[in-house]
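To keep things clear, I will list the structure first and then write my remarks on it.
What follows draws every value from the coordinates through simple rules; no lab data is involved. Since the structure is predicted, the reported quantities are computational estimates derived from the model, not experimental observations. Cβ: placed from backbone, ideal geometry, glycine included. Neighbour counts: every protein chain shown.
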Number of protein chains: 2
Amino acid sequence: MATFGDIGVAAAFNIFGALIFLIAFAFLRLQPFNDRVYFPKWYLKGLRSSPSHSGTFVNKFVNLDWRSYIRFLNWIPDALKMPEPELIDHAGLDSAVYLRIYLLGLKIFVPITLLAWAIIVPVNWTNKTLAQLSQGDAGLTYSSIDKLSISNVPFGSPRFWTHVVMAYVFTFWTCYALTKEYEKIAVMRLHFLASEKRRPDQFTVLVRNVPPDPDESVTECVEHFFLVNHPDHYLTHQVVINANKLAQLVEEKKKKQNWLDYYQLKYSRNRGKRPMAKTGFLGLSGDKVDGIDYQTAEIERLTKEIAEERKRVKTDPKCIMPAAFVSFKTRWGAAVCAQTQQSRNPTVWLTEWAAEPRDVFWANLAIPYVSITIRKLMAAVAFFFLTFFFMIPVSAVQSLANIESIEKRLPFLTSIVEQPFIKAFVQGVLPGLALKIFLIVLPTILMMMSKFEGFLSISALERRAAFRYYLFNFVNVFLVSIIAGSALSQLDTFIKQSPKEIPETIGVAIPMKATFFITYVMVDGWAGVAGEILRLKPLIFFHLKNFFLVKTEKDREEAMDPGSIGFNTGEPQIQLYFLLGLVYAVVTPVFLPFILVFFALAYMVFRHQIINVYNQEYESAAAFWPDVHGRIVYALIFSQIILMGLMGTKGIYEAPPVLIVLPVLTICFHLYCKGRYQPAFVRYPLQEAMMKDTLERTREPNLNVKGYLQQAYIHPIFKDEEDDEDEGFNMKLHDSATVPTKRQQSRKTTPVPSKFSGGSSPALPEHDHEGSLS
Amino acid sequence: MATFGDIGVAAAFNIFGALIFLIAFAFLRLQPFNDRVYFPKWYLKGLRSSPSHSGTFVNKFVNLDWRSYIRFLNWIPDALKMPEPELIDHAGLDSAVYLRIYLLGLKIFVPITLLAWAIIVPVNWTNKTLAQLSQGDAGLTYSSIDKLSISNVPFGSPRFWTHVVMAYVFTFWTCYALTKEYEKIAVMRLHFLASEKRRPDQFTVLVRNVPPDPDESVTECVEHFFLVNHPDHYLTHQVVINANKLAQLVEEKKKKQNWLDYYQLKYSRNRGKRPMAKTGFLGLSGDKVDGIDYQTAEIERLTKEIAEERKRVKTDPKCIMPAAFVSFKTRWGAAVCAQTQQSRNPTVWLTEWAAEPRDVFWANLAIPYVSITIRKLMAAVAFFFLTFFFMIPVSAVQSLANIESIEKRLPFLTSIVEQPFIKAFVQGVLPGLALKIFLIVLPTILMMMSKFEGFLSISALERRAAFRYYLFNFVNVFLVSIIAGSALSQLDTFIKQSPKEIPETIGVAIPMKATFFITYVMVDGWAGVAGEILRLKPLIFFHLKNFFLVKTEKDREEAMDPGSIGFNTGEPQIQLYFLLGLVYAVVTPVFLPFILVFFALAYMVFRHQIINVYNQEYESAAAFWPDVHGRIVYALIFSQIILMGLMGTKGIYEAPPVLIVLPVLTICFHLYCKGRYQPAFVRYPLQEAMMKDTLERTREPNLNVKGYLQQAYIHPIFKDEEDDEDEGFNMKLHDSATVPTKRQQSRKTTPVPSKFSGGSSPALPEHDHEGSLS
């Protein structure tokens, strides 16, 4: 068991680490040559361009204005200042709602922390159980943290009723906060959808499993079917083409082009020596050839192949998938078609809302529907094995957390490990870090699984990957940390127990693992989030690319790697903190402030990142909220069951029956929320559709919807082809489609970083610039 | 443990009982004065009327034609002869599909029985485990039935692989039979819906939770909403009125009228004495008054009250519920409205398919939607307690099954109980009978629960009650019989086991309880079904009523009690047999023939009853099939888990992992079936709707749909009012709406029972009559 001192050292480490990250960030972001790393969002929106050539040469790279360094923490108020509606305009509803998850964490846990410290901590502290036990025969060592936890209350004490009552209070508060939030977000979503501009996906439905017809092509078949069954509403359609091979070729060509650029640059710097390359695997084996010539030949070959493939794809009926994007004259017609069953046979003519064009995951549209069931099964089995076998290495690493086991197994290390500083380090930082490294590769695997499963939109892919990641975290971070650790320290007595006693096993282990999870929160939560803002990897890569490859402004544009929120990794992480917070709220309230710091820090950091960095890849209008809500409710129920198990071992036999009401009530609450709010995230009400249709008809009676929709759902490969000539024009079009923010005007006229404001964040409104001058 | 002899005695008892019922039925049904008890369906359809007055007076009551008695078993071929399409015309799709459940039982279990007897029985029989054990120290007694079961295979024997392989074979066969049946029934349903005549529910949607509007009445509000949101399709609507009090008054009046009739009849027979009645509780207390005068006064009072209430209901806005039946111009419009969400707020403007007018459960339409969630929770809790506390008396009765425990507790009974005949009776008949009595009151309670829960159609009520009844049967008949019996005989060792070992506990107990369930099948299945055909209760009641009350032909019509299939009790009973059959198929194959006899007998009996007796109360077009299918799949999975548990104790440690694949595959199969066939039972495809609309428009271009629908969904209370004058006319209208069967013509011209055919079933076609003459 770690003492307050150990925790203090670990906290100092992590706070120090986090501070270094934050200070480094505060310094680096002020340098103009890092501008594209720390403010890419503004470049993408076209509201900012490369530093102007006014000023000295040095000024272009280094910020010499000393005043700006004084206010190096300014980014925090700047990040918090942008009001929510503007944030929605600026970064989309998804991002704004994503931030609200952190806010929800604060809303739930601030009152819980206050109550827990005001009531539970004194109740726990004023006992002497642990002190007595440590004097007894058991020779138990305990830390002062344990004195604040439920372990310090004597067996059978009526004081446990405090914990039972507080469990009720916490549950009601959490449910209340969840309802309020669900309601608010449902309103935000509906408001967002209602106030939105015309979007192709409002009119479009994706039809899958068009039944094969010997006499008609797919496109004729679709047209006839919808002309017959939706005669008043059908407008046009776009058959889905399997262009995966074409996309692959284009990708390959792009890679070769990159290499060619690289070789040419190399040659231009060192005229004497033609760059050589090997043709084999990764350029490590095979014949040595002239790099420039080889790549040029390859590109020519690929260009030809692409042209052929492009022709083939358009004519070959094998490339035409039995699926189509069907567009309707009105939103009403699309809403009707998306929500109804079309045909007798429920496995053909399947309709669903089309995703936003940029959200569509084109590669998966080519997957035949029949194989999807099998793919789902295979993905489930694969995930099961992944979760199961991952446990082995994690358990091994976990055993390191126990300093005594190191001494036992590697006795020669005892003298080193016993030094207080190293002991604290090993106990405080290692286990969290090891776990983190394990978890870094995981999201990629999970995304691949989701892709394999055949989801049709990026948002759905990410939601699925997030669900899997959460499950994985739950089993491999939470459960394994608790049970494996306990199993080692309690001599495997628990392992072979029956499922009925699992809540007790976990419940008993929970207070003992509090210190481990405190260090985990500090490493993963505090330092991890602080590291996020520094963006070390994009920073390095940008400068490498900038140095080696960038020739034109467009190259520089491409060298930027703004990244995105990463719902599939970020949300499960937050959920783990919700789970930990709810589980420890009653048991070890000393845990709660650590969670609060995480939520507050992460909220600030991600708000800054969303405003200044991340690129919005799609807009699902907060479609992920039911998932978020459901997982918090799950964590709540889990915490109640664990508490029940724990109470069962504490000699208060009336407590478990009283506590069993809680999960029942929570499940009812969940069902109520599901009925009340979930439809707002799944279906599109006809009333809404009709209202928007009517409004539009009145405002723009001569609108040509068909022209608007005709090209909306063309595979991006073919779009590129058409746009090849006028890419710039298209870019501009796309930009003008985004909603201009209020400060667009001022931004464009202000050279950034301006000399006056000294590189304070672009999120700073104009009047603030003036304010800082006065 | 019972021996073959015991089983033989029990079987003899039950077969004897069943035979008595069948012979009594064969005799009674030939008597003309029982005609309305055994052939009410034909009276209801208007294809048969009271015995004609030709012939002697005796002939009207007793059948004196000796030839008809010779062929007293003729009802069986007669019942089987009617082809299925005609049966659907005659008794509706629900009835025809209900019969197919029994057929499905035969389809599944005939091949399984043959295979089990050909393979498993020899494998079990040719071992000597039980013989050796009984000679050993344990002193175990065993019966010859156990020698045929899995208990006879020695521990760790490789012979158990036969059982594993057979479990696979049985699972695949069952799944195959289930798919075929699901497919067939989905086709039947769609065909039925497609070939059906115009029905009001095809055009109508029930809208609930119309939001209150301060400026508009409910009817205006509904009209405006649908005119705006379904402008091209909305036709008319009918607001739901809370007429429950009115219905109550009408009911009361009817009762008083009955009493008046009774007193008048009494008075007319005994002119000297005015019949007296007491006004208090149940006519047992209170003042004595003149019966006729009192009832006449009461009826007058009620008539007045009814008139007032009728007026009030129509004008009082409090009686108008925020719900309405909204009718559309086309089926397409109704299908769209029923399947889509109407409003932003998903808890208002809820739409669902309207049930058939005669299927609507009017009393529940008045329940406000908000209270339904609470009602559901309350019903669930009540059901939980019902299931839980029912266990206590059942367990007590179960302990009687064990003759040794009787001898232990009541030693003075030993001499009586030890007599072989009584011993067999106690062991064979008592436990099944006791259980049956417990279960008789249950369906009424469960139906009340469903009504309380607020389902809107009788079919939904019955489906819910069936689901609960099945759960109840599963816990209180199946599990309690197995575990309580085992717990008593194995000295409570199993009771405190962990849930992980439950499959093992049950698995081990299963072969031991085979004899109990065999007797249960004989009592509940064989004798019970044979009793069903005799219709003892309706027979007695009809003759009592006929003797005391009937004055006119209409009274006699009302005295008939045709009953209905009773899905809420019948289906769970069949499901229990499916469960038993699947569980015992591998373990104790000797059980299977008993199940087969049940399915065959029940099929014949219920086919006869459906053709000749039961009145069709509603037509849900086999909407219950997904429930039936789901429960059989559940039974299959349960049987697999139990087998796994059993195998775990048999020393074959590779068997459980091999068997665990089975439930996984079965769940996948279930999901596949759900995706493939279930939508056909829940949603109404637009293609279908459009086809029927188009057809109708072509055939009847001038059809007045509005006129057709205007009065369709008026509360039956108000319909009565309008029909009061021309009830007879209305009856005729209703009759002509039923599809005429092929033999309608011949039936009307043939006096029934004719002298030639000697009262053979009316299901006998005309050419058969001739056949029996030649």
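General observations
- Sorted fewest first by neighbouring Cβ atoms within 10 angstrom, A:L99, A:L671, B:L87 come out as A:L671, B:L87, A:L99.
- In nanometres and ascending order, the distances from the B:Y168 label point to those of the other copies are 5.6 (point 7 Å from Cα along Cα→Cβ).
- Whether the range B:568-625 is rounded, prolate or oblate, judged on the alpha carbon gyration tensor where a/c under 1.5 counts as rounded: oblate
- Within the range A:203-223: backbone nitrogen closer than 16 Å to the B:V682 label point (7 Å, Cα to C-beta): none
- FRET E, pair B:K304, B:I119, Förster distance 56 Å, beta-carbon r, rounded to 0.05: 0.15
- Residue-span extension gain [A:K545 to A:N702] - 0.36 nm each, minus C-alpha spacing: 51.6 nm
- Separation of the B:V381 and B:E418 label points, Cα + 7 Å toward Cβ, nm: 5.4 nm
- Fewest-first ranking of B:R269, A:R358, using other Cβ atoms within 10 Å as the exposure measure: B:R269, A:R358
- Global form of the range A:587-696, assessed from the alpha-carbon gyration tensor, a/c cut-off 1.5: oblate
- Contour excess over end-to-end distance, with Cα ends at A:I714 and A:K537 and 0.36 nm allotted per residue: 60.3 nm
- Inter-centroid distance (Cα atoms) of the range A:305-380 relative to the range A:144-201, Å: 40 Å
- Prolate/oblate/rounded label for the range B:183-256 (Cα gyration tensor, a/c 1.5): oblate
- Exposure proxy order (Cβ contacts within 10 Å, fewest to most) of B:S450, A:S149: B:S450, A:S149
- Qualifying GluC sites (Glu not before Pro) in the range B:600-706, where qualification requires a DSSP coil assignment and no more than 14 other C-beta atoms within 10 Å, comprise B:E654.
- 7 Å along Cα→Cβ, label-point gaps from A:L80 to other copies, nm, shortest first: 8.5
- Other protein chain Cβ atoms within 10 Å, averaged over every residue that makes up A:227-239: 2
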